[in-house]
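First the structure, in the form of structure tokens, and then the observations on it.
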Ligand code: SF4
Ligand code: SF4
């Protein structure tokens, strides 16, 4: 009986020693994962995070719309609009590679999350009209 109790004690001591060793190891070793969001992993080179257009370079040829496998792009030559539905885009990069003016850019940054559906629309004509309006307003206010 005495021998059995002694061997149980020895077993408990060995377990405790193992636990303390683990605790001390974890306390003084590097963390196994990153401390996100304090420490963010940089994007890999070539990450396809989001799509952007330099609208001033676009000639509204519609090649990107025709090549897009997800039907995410709508180009309207008459109203000079280029429209991307980000919820359809699968970031395949086909439009970026096929654009003759190289005005589409695949950014390494992901879009911010959003709680409502919105389309990312850029209208060159609207921008020009807005600029003209600003010039007119500035002209009226200065005269
Ligand atoms: S392929 Fe390029 S230039 Fe042509 S409409 Fe698309 S973005 Fe504009
Ligand atoms: S990246 Fe691919 S899916 Fe997205 S708009 Fe361009 S062609 Fe379409």
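Say we look at the stretch 78-108 and pick out the residues that are assigned to a strand (DSSP E or B) and in contact with a helix residue (DSSP H, G or I) (Cβ under 6 Å, 6 or more places away or on another chain); which of these is nearest to ligand 1 (Cβ to nearest atom)? My answer is 104.
Scanning the stretch 66-77 for residues that are more than 10 Å from ligand 1 (Cβ to nearest atom), under 24 Å from the mean Cα position of the chain (by Cα), touching a residue at least 60 places away in the same chain (Cβ under 8 Å) and assigned to a loop (DSSP other than H, G, I, E, B) turns up nothing.
Taking the numbered list (1) on the phi > 0 side of the Ramachandran plot; (2) at pLDDT below 95; (3) within 10 Å of ligand 1 (Cβ to nearest atom) in turn, residue 62 passes all entries but (2).
Of all residues in the stretch 48-64, those that are surrounded by 14 or more Cβ atoms within 10 Å (Cβ to Cβ) and either within 15 Å of the chain's Cα centre (by Cα) or over 14 Å from residue 101 (Cβ atoms) (or both) total 4. Return a yes/no flag: does the stretch 118-125 have any residue that is assigned to a helix (DSSP H, G or I), within 15 Å of ligand 1 (Cβ to nearest atom) and at pLDDT below 85. Looking for residues that are assigned to a helix (DSSP H, G or I), within 15 Å of ligand 1 (Cβ to nearest atom) and at pLDDT below 85, one finds at least one in the stretch 118-125, hence yes.
Taken over the stretch 30-65, the criterion of being in contact (Cβ under 8 Å) with a residue 40 or more places away in the chain and part of a helix (DSSP H, G or I) is satisfied by 55, 56, 57, 64.
The values are calculated or read from the model by the stated rules, or taken from the named source; none is laboratory data. Because the structure is predicted, anything quoted here is derived from the model rather than measured. No Cβ is skipped: glycine too gets one built from the backbone with ideal geometry, and neighbour counts run over all protein chains shown.
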